[in-house]
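I have a structure here, written as structure tokens, and I will follow up with some questions on it.
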There are 2 protein chains.
Amino acid sequence: MSRIDFQTEPGRYRHWRLRFDGAVAELLMDVDPAAGLFEGYELKLNSYDLGVDIELSDAIQRLRFEHPEVGAVVLRSAKENVFCAGANIRMLGKATHGHKVNFCKFTNETRCSIEDATEHSGQTWICAVNGTAAGGGYELAVSCDSILLIDDRRSSVSLPETPLLAVLPGTGGLTRITDKRRVRRDRADVFCSTEEGVRGKRAVEWRLVDEVVPPSAWEARIRERADEAAARSDRPRAATGVALTPLTRRFTDDGVAYGFVTIACDRAAGRATVTVAAPAGPPPATLEAARSAGFWPLQAARELDDAILHLRANEPALGLLVLRTEGAAAQVLAHDAFLEAHQGDWFIREVRLYWKRLLKRIDMTSRSLVALVEPGSCFAGTLAELAFAADRSVMLDGARAGDNRPPAALALSPLNFGAYPMANGLTRLRARFWGEPDSVGAAQARIGAAIEAGEADALGLVTMVFDETDWDDEVRIMLEERASFSPDALTGMEANLRFVGPETMETRIFGRLTAWQNWIFQRANAVGETGALKLYGTGVQPSYDKARV
Amino acid sequence: MSRIDFQTEPGRYRHWRLRFDGAVAELLMDVDPAAGLFEGYELKLNSYDLGVDIELSDAIQRLRFEHPEVGAVVLRSAKENVFCAGANIRMLGKATHGHKVNFCKFTNETRCSIEDATEHSGQTWICAVNGTAAGGGYELAVSCDSILLIDDRRSSVSLPETPLLAVLPGTGGLTRITDKRRVRRDRADVFCSTEEGVRGKRAVEWRLVDEVVPPSAWEARIRERADEAAARSDRPRAATGVALTPLTRRFTDDGVAYGFVTIACDRAAGRATVTVAAPAGPPPATLEAARSAGFWPLQAARELDDAILHLRANEPALGLLVLRTEGAAAQVLAHDAFLEAHQGDWFIREVRLYWKRLLKRIDMTSRSLVALVEPGSCFAGTLAELAFAADRSVMLDGARAGDNRPPAALALSPLNFGAYPMANGLTRLRARFWGEPDSVGAAQARIGAAIEAGEADALGLVTMVFDETDWDDEVRIMLEERASFSPDALTGMEANLRFVGPETMETRIFGRLTAWQNWIFQRANAVGETGALKLYGTGVQPSYDKARV
């Protein structure tokens, strides 16, 4: 299978079109049936595969960074009579279990980024459903802030996965209809068992959509809603966007080299080392000088995001990610100070929100994460979040003989205490210290200091500390041992231990809903030879083992 | 396979012994290796199967109802050098997927009932770990309020499932160590990857146990802890317990008949109808007269509990439970008034807590639940919770021709508004009206009234209303349609829709943790021919597919 590439740009889109009109943008879904990511299926009726979603994700990012003037985004279909038919079923029927799971994870992250734009970025998404919005199509709509449904006696919304496909509305559908749309649970049960879905007044009464609009008023009402949302936006209409220029990447057999990020694969050991480099110098002198894709926090985030997505999709057998950093912690902290000083600026806000989403993506990555804190590393401020996201962090106590760099140290910045909440709403430090909340304050009191191993251990900021004598053996044994375990058990263990305490709609989607969907994605009733996903479209009825478990 | 029976009594226990000494009881685990529920495995080292847990569950119930004088329960092992080795691995290796899932669900419910006794019943559970507490053995300990570990250089606690068995500590272990014991997440990661576990001071420092005790002080310290807990209990030491006399049950090919509960199986249609009858007369005149296993709320709860467990374990192909009630709603409401008037009494408190747990068990039952509200039914107060627990409730509008009973009606009592919280902490009505909280108050204003179909519909208390003309066809079609869907998709859908909004440790165990475990229980790395569960104990190392999904 060829490498799945998560980089694209509007000029290369096959499935989407962007239109701009002042403070309102339109994103039109117009899926090219012939442009599926793999062979063997046609993307009819605006159904989608991972390739369609990669473009959607790119469009969301560009709207945020390149279009400060846009305060509202109207999501709609360019096709007649269909909004979106959801994930392509033949694609799902043919895909491996791993691809299905990764596809769903990425689409879920994309839906969450739509909500993040609406909630935090002053860019409100409005969905205009003209035609059928079925399954993943309706789930896409539900990730928008409001849903308008045309009242033409044909257009409807539906989640027909259970009756039709023997799987769940797993891209957040089940969770969002109860938690976000607040559909009554028994009505949700009826809705999710009704292939043909719901339309008209009942769709509003059940809170499935916000408004039904007669065809005569359709365009005007969409524009009215969008204008209202844009008028509420705090984005600067006169500002100039920051172009997300193509990343520089070099793929080799053993890894990928970006500007600040490198991936080094050790396939025999089942692991990849991901190294993030500090900026070479201080932050720009002015905010204006920062507005470019080369601004370190933005470039490093884009590179690391691409690296994580690449590893997820293209390197499934590398179950262990070793997280490293290198360079001057002082420069990382100086950039953090810049991000903190200018947090009111639209662009800096976007950069911070991007890091928030990127770190969540790392939390959700089903690979074991081990951070190695060594001399020469710069787990400082924003980059220290990598150590806190890791399942374990291991720190070398002191300097190495013959190495004239200072001893390994961690450093904290104000950004560790609120800028990057996890999906459960907690900072990584609050999650870490769930059982000892006072420890958060103890760490906070040391903002800016170089925290060497002894103190880091005492503050509870690292898992284990070894001196030079033990380091090589201890780390080697730990990594070998981890790589020897069942990847499935590790996935389940990590998915539980990483998210302590409170749950949010988002964690419920990635935890409860996704875990059940993954289970179903292995059941013969869905994926067996006579299962619903396999037989869909053949005219043959699936036959089910009727035993409940 | 012979029928799994959930009824037992101390005289028939094979695996546990109860000892009483004033306000302190001891429950000793002493599993008979030869008394497994099925052939093919030996229950060595206090490992357990479902049969062991059925006895444990019975012991918990009897401690609550039969021993008002007991304020503290010490859970310990009667064997040398081992507390409990957890679920029996050979049993798990041989069990069907469905049995594994059901076994885990029941053991999880049993662990939760230990916590319920501690929190709500004035019966504090203390675990005295003398020897190895591994896997499910440690999970059992963690369900107790506190854990004492003997400091003998041998005794340890561990969750070795991931490294050893390629599955999760799925009986709440992963969730409880972070959410209840508040073990730091990276330490939890280390702990759950360390086969040999943790002992001594580190076990306390990591919050895995509450106290390590030298052997010389062991017995005295256990007793001291127990006496302290018992002294805090509000249970009446001088009261007489209520004997849980054997249930009267008659099994036939087509169902089960209890005193107030009947199960009627329709195997061709894939469903069972569960009918609960109202009490025949008013509640007893005095509290003293109520203290018997024949007190309707207690007897009905015990019967319905047994019925649900029987259907889960022995009738997996009946995927749809039709919930019915019959009799005089007034008598149900009169009993509710009795339960409300005497809620301060220890026995009445136990009855109410039992209904709370029973209704949670129904919520957690992976069968479609449909309540039929017809003339002659008594979905009133406590029994109305069955309709609110159902995925759907359907109500007949008016009376039937030729039927001189009054029209179908629902009725509410104060107990619908707080006595029976779901696992997520919400009443079923609050969960139902998650999107319209005012509707809870509107329902509350109608406590005691006979709410006929039109009003029930307007208040949002039922899903659908049909008149006599449509009833038979509509209900038949609905039940047939439901039975035609994939049971797996329904399980996943219901597990999501039934639990809106907030999550608690309990819902996280049944949702996130259990769903991941169920997924892993289907993975070849665990259950395949070269998987860890299959090869455990053979000396052959499992071989894993190393791809992450």
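The values are calculated or read from the model by the stated rules, or taken from the named source; none is laboratory data. Keep in mind that what you see is a predicted model, and the values were worked out from it rather than measured. Every residue, glycine among them, receives a Cβ derived from its backbone with ideal geometry; neighbour counts consider all protein chains shown. Accessible surface is based on the protein model in full, side chains and every heavy atom, while ligands, DNA and RNA are left aside. Shrake-Rupley method; radii C 1.70, N 1.55, O 1.52, S 1.80 Å.
Does residue A:75 qualify as being modelled with pLDDT of 95 or more, part of a strand (DSSP E or B), in contact with a Leu (Cβ under 7 Å, 6 or more places away or on another chain) and more than 25 Å from residue A:419 (Cβ to Cβ)?
yes
Could you list all residues from the range B:329-377 that are touching a His at 6+ places or on another chain (Cβ under 9 Å) and under 30 Å from residue B:496 (Cβ atoms)?
B:353, B:356 - these are the residues of the range B:329-377 that are touching a His at 6+ places or on another chain (Cβ under 9 Å) and under 30 Å from residue B:496 (Cβ atoms).
State whether one or more residues within the range A:310-331 are within 22 Å of residue A:68 (Cα to Cα) and open to solvent by 10 Å² or more (accessible area, probe 1.4 Å). Please lay out each step first, then the result.
Filtering the range A:310-331 for residues within 22 Å of residue A:68 (Cα to Cα) gives none.
Looking through the range A:310-331, none of the residues is within 22 Å of residue A:68 (Cα to Cα) and open to solvent by 10 Å² or more (accessible area, probe 1.4 Å).
Go through the residues of the range A:111-126 one by one and say whether even a single one is in contact (Cβ under 8 Å) with a residue 24 or more places away in the chain, open to solvent by less than 20 Å² (accessible area, probe 1.4 Å) and within 14 Å of another protein chain (Cβ to nearest Cβ).
Scanning the range A:111-126 turns up no residue that is in contact (Cβ under 8 Å) with a residue 24 or more places away in the chain, open to solvent by less than 20 Å² (accessible area, probe 1.4 Å) and within 14 Å of another protein chain (Cβ to nearest Cβ).
If you don't mind, another one. Filter the range B:332-346 down to the residues that are closer than 19 Å to residue B:292 by Cβ and of a type in the set (D, E, K, R), then identify the one that is surrounded by the fewest Cβ atoms within 10 Å (Cβ to Cβ).
B:345
Let me ask you something else. Here is a check on your reading of the model: is residue B:169 open to solvent by 10 Å² or more (accessible area, probe 1.4 Å), modelled with pLDDT of 95 or more and over 19 Å from residue B:125 (Cα atoms)? So that I can check it myself, show each step before the final result.
Working: open to solvent by 10 Å² or more (accessible area, probe 1.4 Å): no; modelled with pLDDT of 95 or more: yes; over 19 Å from residue B:125 (Cα atoms): yes.
When the stated conditions are applied, residue B:169 does not pass them.
Output the residues belonging to the range B:416-436 that are of a type outside the set (Asp, Glu), in a loop (DSSP other than H, G, I, E, B) and open to solvent by 40 Å² or more (accessible area, probe 1.4 Å).
B:418, B:425, B:434
Name every residue in the range A:235-269 that is assigned to a loop (DSSP other than H, G, I, E, B) and over 24 Å from the mean Cα position of the chain (by Cα), in order of residue number.
The initial filter retains those residues of the range A:235-269 that are assigned to a loop (DSSP other than H, G, I, E, B), namely A:235-249, A:253-254, A:258-260, A:267-269.
Matches in the range A:235-269: A:236, A:237, A:238, A:239, A:240, A:253, A:254, A:267, A:268, A:269.
Given the conditions (1) more than 10 Å from every other protein chain (Cβ to nearest Cβ); (2) under 20 Å from residue B:87 (Cα atoms); (3) aliphatic (A, V, I, L, M), which single one is not true for residue B:532?
(1)
Here is a further query. Given (1) under 29 Å from the mean Cα position of the chain (by Cα); (2) more than 14 Å from chain B (Cβ to nearest Cβ); (3) surrounded by fewer than 22 Cβ atoms within 10 Å (Cβ to Cβ), identify the lone condition not met by residue A:143.
It fails just one condition, (3).
Let me ask something additional. Quick one: which residue in B:436, B:468, B:506 is more than 10 Å from chain A (Cβ to nearest Cβ) and over 21 Å from residue B:119 (Cβ atoms)?
So the residue among B:436, B:468, B:506 that is more than 10 Å from chain A (Cβ to nearest Cβ) and over 21 Å from residue B:119 (Cβ atoms) is B:468.
I'm told residue A:516 meets every condition in (1) open to solvent by 10 Å² or more (accessible area, probe 1.4 Å); (2) more than 24 Å from residue B:172 (Cβ to Cβ); (3) touching a residue at least 12 places away in the same chain (Cβ under 8 Å) except one. Can you identify the failing condition by its number?
Exception for residue A:516: condition (2).
Within 12 Å of chain A (Cβ to nearest Cβ), surrounded by fewer than 22 Cβ atoms within 10 Å (Cβ to Cβ) and modelled with pLDDT of 95 or more: which single residue out of B:446, B:392 fits that description? Steps first, please.
On the way: B:446 fails: within 12 Å of chain A (Cβ to nearest Cβ).
Testing whether each residue is within 12 Å of chain A (Cβ to nearest Cβ), surrounded by fewer than 22 Cβ atoms within 10 Å (Cβ to Cβ) and modelled with pLDDT of 95 or more leaves just B:392.
Report, by residue number, each residue of the range B:496-505 that is in a helix (DSSP H, G or I) and crowded, with 24+ Cβ neighbours inside 10 Å. Walk me through it before giving the result.
Step one: of the range B:496-505, the residues in a helix (DSSP H, G or I) are B:496-497, B:505.
The answer is B:496, and nothing else.
Hey, among B:377, B:292, which residue is open to solvent by less than 30 Å² (accessible area, probe 1.4 Å), polar (S, T, N, Q) and at pLDDT 95 or above?
B:377
Residues being surrounded by 21 or more Cβ atoms within 10 Å (Cβ to Cβ), of a type in the set (Gly, Ala, Ser) and either more than 8 Å from chain A (Cβ to nearest Cβ) or free of Cβ contacts under 8 Å to residues at least 60 places away in the same chain (or both): count how many of those fall in the range B:471-495.
Counting residues in the range B:471-495 that are surrounded by 21 or more Cβ atoms within 10 Å (Cβ to Cβ), of a type in the set (Gly, Ala, Ser) and either more than 8 Å from chain A (Cβ to nearest Cβ) or free of Cβ contacts under 8 Å to residues at least 60 places away in the same chain (or both) gives 3.
Which residues, counting only those in the range A:121-146, are under 19 Å from residue A:505 (Cα atoms) and aliphatic (A, V, I, L, M)?
Within the range A:121-146, A:140, A:141, A:142 qualify.
Can you tell me which of (1) in contact with a helix residue (DSSP H, G or I) (Cβ under 9 Å, 6 or more places away or on another chain); (2) open to solvent by 10 Å² or more (accessible area, probe 1.4 Å); (3) within 16 Å of residue A:75 (Cβ to Cβ) is the one residue A:138 doesn't meet?
(2)
Here's something else I'd like to know. Please state which of the following conditions residue B:370 fails to meet, knowing it meets all the rest: (1) farther than 22 Å from residue B:407 by Cα; (2) within 14 Å of chain A (Cβ to nearest Cβ).
Going through (1) farther than 22 Å from residue B:407 by Cα; (2) within 14 Å of chain A (Cβ to nearest Cβ) one by one, residue B:370 breaks only (1).
Please find, among A:83, A:65, A:20, the residue that is open to solvent by 10 Å² or more (accessible area, probe 1.4 Å) and outside any loop (DSSP other than H, G, I, E, B).
A:20
May I ask you to list the residues in the range A:312-325 that are among the aliphatic types (A, V, I, L, M) and either modelled with pLDDT under 95 or closer than 12 Å to residue A:267 by Cβ (or both)?
A:317, A:318, A:320 - these are the residues of the range A:312-325 that are among the aliphatic types (A, V, I, L, M) and either modelled with pLDDT under 95 or closer than 12 Å to residue A:267 by Cβ (or both).
Continuing with the same structure: Going by the conditions given, is residue B:512 among the basic types (Lys, Arg), in contact with a Ser or Thr (Cβ under 6 Å, 6 or more places away or on another chain) and under 29 Å from residue A:434 (Cβ atoms)?
No: the conditions fail for residue B:512.
Follow-up question, since we're still on this one. Residue B:189 - would you say it is in contact with a helix residue (DSSP H, G or I) (Cβ under 6 Å, 6 or more places away or on another chain), without any contact (Cβ under 8 Å) to a residue 24 or more places away in the chain and in the same structural domain as residue B:85 (by TED's automatic domain parsing)?
Working: in contact with a helix residue (DSSP H, G or I) (Cβ under 6 Å, 6 or more places away or on another chain): yes; without any contact (Cβ under 8 Å) to a residue 24 or more places away in the chain: yes; in the same structural domain as residue B:85 (by TED's automatic domain parsing): yes.
In short, yes.
Look at the range B:23-57 and say how many of its residues are touching a residue at least 60 places away in the same chain (Cβ under 8 Å) and farther than 22 Å from residue B:534 by Cβ.
Count: 3.
Select from the range B:26-62 the residues that are of a type in the set (Asp, Glu) and part of a loop (DSSP other than H, G, I, E, B) and list them in ascending order.
Listed by number, the residues that qualify are B:30, B:32, B:39, B:42, B:49.
For the range A:279-307, give me the residue count where each residue is aliphatic (A, V, I, L, M) and either in contact with a strand residue (DSSP E or B) (Cβ under 8 Å, 6 or more places away or on another chain) or assigned to a loop (DSSP other than H, G, I, E, B) (or both).
6
From the list B:515, B:532, which residue is in contact with a Pro (Cβ under 6 Å, 6 or more places away or on another chain), aliphatic (A, V, I, L, M) and not assigned by TED's automatic domain parsing to the domain that holds residue B:322?
B:532
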